[in-house]
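Laboratory data are not the source of any read-out in this text; all were calculated from the coordinates shown. Here the structure is a predicted model, which is why all the values come from computation and not from measurement. For neighbour counting, all protein chains shown are included, and Cβ atoms are generated from backbone atoms with ideal geometry for every residue, glycine included.
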Amino acid sequence: MVSLTIDDVKIEVPEGTTVLQAARMSGVEIPTLCDYPHLTPYGGCRLCVVEVEGARLLQPSCTLPVSKGMVVHTNTARVREARKFVLTLLFSERNHFCMYCQVSGGDCELQNAAYEQDMTHWPFQPNWDPYLVDASHQHLVLDHNRCILCRRCVRACGELVGNFTLGVKDRGPESIIIADLDVPWGESTCVSCGTCVQVCPTGAIIDRRSAYLGHEADVERTRSVCIGCSVGCGVELITRDNRLLRIDGDWDAPVNEGILCQIGRFLALDDERERIVTPLVRRNGTLKAATWEDALDYVAGRLKPLAGKKGDGIAALASTRLPVESLYLFKQLFADKLNSEMVTSIEEGVTTALSGKVAQELGRPFEGSLERLKSADCVVAIGVDLAENHQVAGFFVKRALPNGTKLVVIDPYDNQLHELAHYALQPQAGTDYELLLGLMSAIVKSGLSRDEPTNLSELAGYDPQVVSQVTGISADTIRAVARLIASSQRPVFVYGKGVTRASSPEVLSALIELARLVGALTPDQSAIIGTKGQANSLAAYMYGLDKPFEVDGHQAVYLALGDDEPSRRLIKRLKGAPFIAVQASYLSPATEMADVVLPVEMWAEQDGYYLNLAGKLQKAHRALVPPQEVRSNVGVLKALAARLGVELEADWRKSLKKRAPINPVVE
Amino acid sequence: MKFVRSLVLVSSDPDSLARGAQEVHERLQREIQSAGLQEEVAVVPVGDLGRHGAAPLIVVYPEATIYGPVTPDDVPLLVEEHLRKGRIAVGLRASARELSGRIAWLSARRGTLPAEQRIVLARAGLIDPEDIEDYILHDGYEALGKALTQMTPVDVINAIGKSGLRGRGGAGFPTGMKWRFVSQTDSYPKYVICNADESEPGTFKDRLILEGDPHSIVEAMTIAGYAVGASEGYIYVRGEYVLAQERLDKAIDQARQMGFLGEDIFGSGFNFDIHIHTGAGAYICGEETALIESIEGKRGEPRARPPYPTTHGLWGKPTVVNNVETLANVPPIVRNGASWFRRFGTSNSPGTKVYTILGNVNVTGLVEVPMGITLREVIAIYGKGMKDGATFKLAQTGGSSGSIVPSSLQDTPMDFDSFARAGVSLGSGALLICNEDTCVVDLVKVLLNFFRRESCGKCTPCRVGTERAHQILTSLSEGTAELSDLRDLETLVDGLSQLSHCGLGQTAAVPIRDIFKHFRAEVEAHVRLKICPTGACSMSGR
Amino acid sequence: MIDGVRDAQGVVSVVQAAVTRHGATAEALVPVLKEINDELGYLPAEALAEVSRLFRMPKGQLMSVASFYHMLSTRPRGRHVIQFCESAPCHVVGGREVWQALQDELNLGPGDTSPDGTWTLVTSSCLGICGVGPVIIVDGDIYGNVVPERVPELLARYA
Amino acid sequence: MPAVKSLEELKQLRDKAIKRRKAKKVSGRAQIVVGMSTCGIAVGARETMKAILEAIGAEGSGDVVVKQTGCTGLCEWEPIVEVTMGDEPKVTYGKVSPERAREILREHVMRGKVLSEFVISR
């Protein structure tokens, strides 16, 4: 600990703390612009300067580490003059006429800083030169006129997302933010994660959708969980008048620490499907609006006679985007109470079969955590394209690469991570098993293994030379990759549903064995991460909702789609079903075929829990009030159960531990 | 170069001229001619020597004897006694009462020869820089041999420390202390970097050393490596210095062949090798942390300090960064000892300093003289006086440090401390001598254009401040400025010097501050009267 | 300097030659860019794309570095590049008049290239040859003690 | 060349070189040194060097050694040429254009007559 004095108050802070952090710890506010808590301090804007006794010049508090006995003054006349001077220069640099800017009025950090310093004008002649506005991006606009060159966007793009699309061209007064080799932003390698817009302090980067829709001052913010995929990123839903304006990453969310991907930030807002606002019942061949009483009675009437029937009873399918509570009620109602043998989820277990197996073999409820990925020095990605799906997990990998983390990608098919990988292995489809054993054999031969292989005799047949014949990957490459993985300190294995021959469990056994061999399985934590599917696919798996969906022969189909979109394959299978009830938020080919449609809340309207890919349980919160006739998924299932005369148990937590009941759920 | 035996300065300010200085000067030249001394004695009219009561004054070097007031009739005696017989013409000396004030220090310099003392440039222009044998013939690699076979690393650091050698890049940090910091840091590997990114306007001393004596740098870096425990060195050579790069390349090759680089140098078990890294046109890379960023393949933006390169330098490892001229002092110090080095210069700034003399003087060039010489001496002795007999107005002492030294300070000894006391900076040693036709606004506008071009753009004060200052100076020179612009300019001076991240922005303010301090009336004339007193500014927007 | 007819493959081979000579480590980046710039006259996008690939360096980062250094150009340049030293030492000994003479001959602003692609005129900070200022450099040939009258003759050597 | 492994070896190397050079001087050869630094080159040192080499070739004045050196800092006088005849003291010429270089060769090197009007130091 280091003790120092800030504004006459003595405090103790850990070594390596910056003066800015120390000041904030002791409740002293120092204005900043280029600094951002989640980015490496840059020391560029100079707004945060403070007076340090003994130092000739004012010091930037954001980059200055504390030292013993330091005496700091943050609000002397000299400091205030300096802040004003810095702001004066920034205002004179480009076009900062606030009245024409969409983020003025409380949203602009530059403007707010000026208000704090009681600035009403600036003495320097402003710069009248117009700068470009790059409006080529699908979601964002880059207006160089408002840019203060703080480089937060550049740092966020590199440090947080690992994408490095944004950069700074030229230098000095000519400096300008660019994308790639100075191409239009919309034509660049930008992945539209939008982290830049979230960190931009001014109106230089604005979001097309929410821009010019009023001030940030009168919005509501709701912390929730993104249900775009199984990563489970924390989000902040920004709403006004029951309208969703924007989605920000939640900086305090432990999973994603503020970053989001395009799906979570932008695409979630772009839902153009038609909303169902009242229950519908098919009469004379057409769906007609009905009361909830009529609709529920109709469904209950059709389902009740089918209770207990196997093969010719009810086939029930739930979306894995539904909250845990709904999945639990759904499972109870159809599997436990109505005794149907065909109760499953929309993923049909495809994405979770592997992880269930891994967890079982490891004797633990869930696999490795994403935290592990953030600190890995070697990532082996098998059958998963982290640039395409589960993108935020991909960002953790990409951003670690400049710090020396090695990446090995094993995927027979096109994979956007191939070009970033130190080794991009494309084995013949269906030869993953051989490749994994080849790697193990090479590790054992090189003497780098950290554990005794349990399958030593088997390995003998998988010399890299032999394996190269099967997989099409050269023996030298196999040896090199083996050396790379085995010599790293914190290797992490990420796999997805693309693992070929997924049906054969030995691939996974091999992967587990490989991980064990290189020390990636320690008693307290495993470094194997399966990416799984949608937001609640792990929960669906835990409730046993993971079998292939068969409609043929069943007399009724109940689909709890929520706001999910049915696949063409699913629609095909529904053809010819005698009775279809759909519990959904939007019109879709499935509702068109339905006999009864029960309107439910979409994701932003519901409260509920989600179990992410690493077994972390998180709560999503309602940010919007649903249309009047729309009910919650839980409410619909409960009402249906009541009509069927069935008692449902509400404690979903207990059963969530059932499938692998060894350790408690991480909460 | 013709090294004259005696140098005679004649004060020729308006006051002296009114009292007959012109006649004294002419008489002096005639007498010297008739005495046949014209090859040995140089007569130089200089500006104001101060002490108008005793004008016209004559100062004779090397004895620094001051005579005055001198009449034409005194001249024959003075020439006969002092210049022919070498005796001081006692009766003609200025009375002690007249020796107070600005020129009083002159007597303190009595006995100092107006000749050069070459330590770092000893071999430049003497040896074939592409021939290692020539270097060895002139004591080359002896210091390295001595260090490696007869001294411990601590001995070497102590020797450099005791010598009082201070960095010649501009800041004047004690070299021995820097080496000690690195040697005491317990993190490996360590690096030695030679900062050869010389880009100060008007400075080319390092180029001369690199082009004329490249082996001295190779030798010095190897000694530094031994002292601090580094086995790898980088020479960051300015991209524009193509010839220097070629010569260094050859020198390193030859040194490797003869075992002065590589493994087990001088049989001592010490290994060292040097890479050349070329810059690509960025003045800011002369700043040591920007230089390190540049070697690491990044934009040359200065890092936040602390931590300093001595603990977190290249690739985050302890690193010594020394300027070329600083390093060139190392082998002679190791060879001859610290006390030998202390014989030159002043006690706080021992050794010599290389100055480049440029601008409106008769002879431009580069000299290496002991620390503490004055501007007046440099102009008179080495510059051979002002060109076309013009009057000295100001000197600009090198880009980044950029002080503008008015003629009133030309008698301040040029060493780190005296200059600092006078509120000016010694800088890298460039002396741009300007005559009375130089407009300070025009000159500073050119300087600020340089700073805005070379600003890296990282910090607001420098990125915007240099631009705004240049804008205001331009409007001054065009006659379109208002009085409020002068206030803004002064605000910029304070902000730039107080808030900039690195030396570039901090010192960009210095020349502006200096002209406000020393030439305020001239600056204000551009606004109040809308005229340029020297006629240099076009005042097109008037 | 630039022949203007190098095809994409030619550009790539220049890049590869430079990388072969210096390597593809971080510290080789600036030297490699410099060599490519010398060879091609500037850094075309194809060359930077290839550097990005070989150094495994994202394009945005690469451009940030490449555009920082004034000896590197990311824009095409004329067949002959004239560097004019605009620093104070050259300025006070007649640099301004030489600049005027260059203007009279070429009528180009700083950084401009003549419409026929013959000349690019760039200003430069001090080149360290102040002892013989004013200084101009044409295609790497250094000329000192330049007086305005000499400018037409100097340019004629290249036209 | 074998690596130098001690101060003693370095001294021996130097002594040998000194002897070798002395022998050259006594033989009465002329040594011409041209200052070849960037500033010298900027004002024509290459042309001067070329003129000297061509003139020597053309007139077959065999016993002349031409060398280069760096810059002494006399920018004003560039290009600078030093002429040393045998063991006579060195004569330094300033502002040596190609024509002047040819003249120096003709008068000083061939006929031993120092062209004092161009001498800046001797």
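If you bin all the Cα-Cα distances of region A:94-150 at 10 Å, starting from zero, the percentages per bin are 19, 52, 25, 4. Rounded to the nearest 10 degrees, the angle from helix A:77-93 to the longest Cα principal axis of chain A is 70 degrees. For region B:186-270, the gyration tensor built on C-alpha atoms gives an oblate shape. Its axis ratio a/c (a ≥ b ≥ c) is at least 1.5, and a/b is not larger than b/c. Ordering B:Val228, A:Val630 from the fewest to the most neighbouring beta carbons within 10 Å gives A:Val630, B:Val228.
Translational diffusion coefficient of region B:158-209 at 37 °C, 0.692 mPa s, Stokes-Einstein with Kirkwood Rh over Cα pairs, in µm²/s as a whole number. It comes out at roughly 255 µm²/s.
Ellipsoid fit via the Cα gyration tensor, region A:2-75: semi-axes of 17, 14, 11 Å, each the root of five times an eigenvalue, largest first.
Where a ≥ b ≥ c are the square roots of the eigenvalues of the C-alpha gyration tensor, would you call region B:453-542 rounded, which needs a/c under 1.5, or, failing that, prolate if a/b is larger than b/c, or oblate? Taking the square roots of the gyration eigenvalues as a ≥ b ≥ c, region B:453-542 is prolate. Here's the list of aspartates and glutamates a cross-link from A:Lys331 could span, going by alpha-carbon distance under 17 Å and ignoring same-chain residues fewer than 8 apart: A:Glu341, A:Glu347, A:Glu348, A:Asp546, A:Glu550, A:Glu647, A:Glu649, A:Asp651.
Principal-axis analysis of the Cα atoms of chain A puts helix A:391-400 at an angle of about 40° to the longest axis.
With helices as the sole contributors, chain C gives -12000 deg cm²/dmol at 222 nm; each DSSP H run of n ≥ 4 counts as -39500 (n - 2.57), and the sum is divided by every residue. The mean number of Cβ atoms from other chains found within 10 Å of a Cβ in peptide B:447-456 is 5, as a whole number. Angle between the Cα long axis of helix B:242-257 and the longest principal axis of chain B, 0 to 90 degrees, nearest 10? Roughly 40 degrees between the two axes. For region B:78-89, putting each phi into the Karplus relation 6.51 cos²θ - 1.76 cosθ + 1.60 with θ = phi - 60° gives couplings of 4, 5, 4, 6, 7, 7, 8, 9, x, 10, 6, 7 Hz, in residue order, rounded to whole numbers and with x for Gly and Pro. Assuming a viscosity of 0.890 mPa s and a temperature of 25 °C, what translational diffusion coefficient in µm² per second does Stokes-Einstein assign to chain A, Rh being the Kirkwood radius over Cα pairs? Translational diffusion coefficient: 88 µm²/s. Measure out, as a whole number of angstrom, how far apart the alpha-carbon centroids of region A:38-62 and region A:380-418 sit. The distance from the Cα centre of region A:38-62 to that of region A:380-418 comes to 37 Å. In terms of other Cβ atoms within 10 Å, D:Ser116, A:Ser136, C:Ser67 run from fewest to most in the order D:Ser116, A:Ser136, C:Ser67. Legend: mean number of C-beta atoms from other chains within 10 angstrom of residue C-beta atoms, peptide A:173-185, equals 6.
Annotation for region A:370-425: GluC sites (Glu not before Pro) lying in DSSP loop with at most 11 further Cβ atoms inside 10 Å of their Cβ are A:Glu419. My understanding is that a pair violates if its Cα-Cα distance is over 18 Å; which of B:Lys146/D:Lys5; A:Lys398/B:Lys190; A:Lys374/A:Lys406 do that in this structure? Check vs 18 Å cut-off fails for A:Lys398/B:Lys190. The calculated 222 nm mean residue ellipticity attributable to helices in chain B amounts to -11000 deg cm²/dmol, summing -39500 (n - 2.57) over DSSP H runs of n ≥ 4 and dividing by all residues. Relative contact order of chain A, taken over Cα pairs closer than 8 Å and 6 or more residues apart, is 14 percent.
For chain B, taking a cut-off of 4.7 Å between Cβ atoms, the unpaired cysteines are B:Cys194, B:Cys285, B:Cys434, B:Cys439, B:Cys456, B:Cys459, B:Cys462, B:Cys502. Taking the Cα centre of each part, how many Å lie between region A:543-586 and region B:184-211? Their Cα centres are 74 Å away from one another.
Taking the average, over residues, of other Cβ atoms within 10 Å as the packing measure, peptides A:1-8, B:85-92, B:119-126, A:398-405 rank B:119-126, A:398-405, A:1-8, B:85-92 from highest down. Peptides A:257-267, B:174-184 ranked from most to least packed give A:257-267, B:174-184, packing being the mean of other C-beta atoms within 10 angstrom over each peptide's residues.
Taking the Cα atoms of the protein assembly as shown, the ratio Rg/Rh between the radius of gyration and the Kirkwood radius comes to 1.07. By the helix-only formula, in which each DSSP H run with n ≥ 4 contributes -39500 (n - 2.57) and the sum is divided by residues, chain A has a 222 nm mean residue ellipticity of -7000 deg cm²/dmol.
Counting beta carbons within 10 Å around each of B:Lys190, A:Lys575, A:Lys657 and listing the fewest first gives the order A:Lys575, A:Lys657, B:Lys190. Per residue of peptide B:233-240, the mean number of Cβ atoms on other chains within 10 Å of the residue Cβ is 3.
Taking amide H as placed 1.01 Å from N in the peptide plane, B:Asp273 has its amide H under 5 Å from the amide H of B:Glu232, B:Gly233, B:Gly262, each at least 5 places away in sequence or on another chain. What is the percent of Cα-Cα separations in region A:82-182 that go past 16 Å? The calculated P(r) of region A:82-182 puts 62 percent of pairs beyond 16 Å.
Our note on the geometry: Cα centres of region B:5-41 and region B:308-343, 45 Å apart.
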